[in-house]
1. Looking at (1) surrounded by fewer than 17 Cβ atoms within 10 Å (Cβ to Cβ); (2) closer than 13 Å to L3 by Cβ; (3) in contact (Cβ under 8 Å) with a residue 12 or more places away in the chain, can you tell me which one T66 breaks?
2. With a cut-off of at least 2 residues that are touching a Lys or Arg at 6+ places or on another chain (Cβ under 8 Å), name the strands (runs of 3 or more DSSP E) lying wholly within the stretch 19-69.
3. Within the set of pairs 6+ apart or on separate chains, which have a first residue in the stretch 1-24 that is at pLDDT 95 or above, a second that is charged (D, E, K, R) and not in a strand (DSSP E or B), and C-beta atoms under 6 Å apart?
4. Of all residues in the stretch 2-28 being aliphatic (A, V, I, L, M) and farther than 20 Å from G57 by Cα, which is surrounded by the fewest Cβ atoms within 10 Å (Cβ to Cβ)?
5. Inside the stretch 48-76, can you point out the residues that are of a type in the set (D, E, K, R) and in contact with a helix residue (DSSP H, G or I) (Cβ under 6 Å, 6 or more places away or on another chain)?
6. Taking C42 as meeting all but one of (1) exposed (fewer than 12 other Cβ atoms within 10 Å of the Cβ); (2) in contact with a strand residue (DSSP E or B) (Cβ under 8 Å, 6 or more places away or on another chain), write down the number of the exception.
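The values are calculated or read from the model by the stated rules, or taken from the named source; none is laboratory data. Quantities reported herein were computed from a predicted structural model and do not represent experimental measurements. Neighbour counts are summed over all protein chains in view; Cβ atoms, including those assigned to glycine, are modelled from backbone coordinates with ideal geometry.
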Amino acid sequence: MTLWDLQANQIAHVQNFHNALSTTVANRLEEMGFCQGQPIVCLRRSPLKGPLVVQLGDCVYSLEQTIAEQIHLTAA
């Protein structure tokens with residue numbers, strides 16, 4: 001499952017990044033806390049494939065589909 005597949009109020013854990021994700025973006029995501037095993041909660045799915053709003057620890061992030069599809073999760 002990817003982060004883009006996560007439904008509103010669903011919890012999962014970060015597993016890894018897709019190989020196609022650029023190193024720069026992957027490094028930035030890791031700096032933001034997207035590390036293996038971290039719990040992540042989908043707070044809101046915007047209509048019309050708009051950004052996904054997620055909570056990771058004490059932080060809230062909005063991610064577009066092209067990035068969210070590159071983050072693999074495991075079910076909580």
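1. So the condition that T66 fails would be (3).
2. Per the criteria, 52-56.
3. These pairs meet every condition: T2/E69; W4/E69.
4. A20
5. K49, E69
6. Only one criterion is unmet by C42, namely (1).
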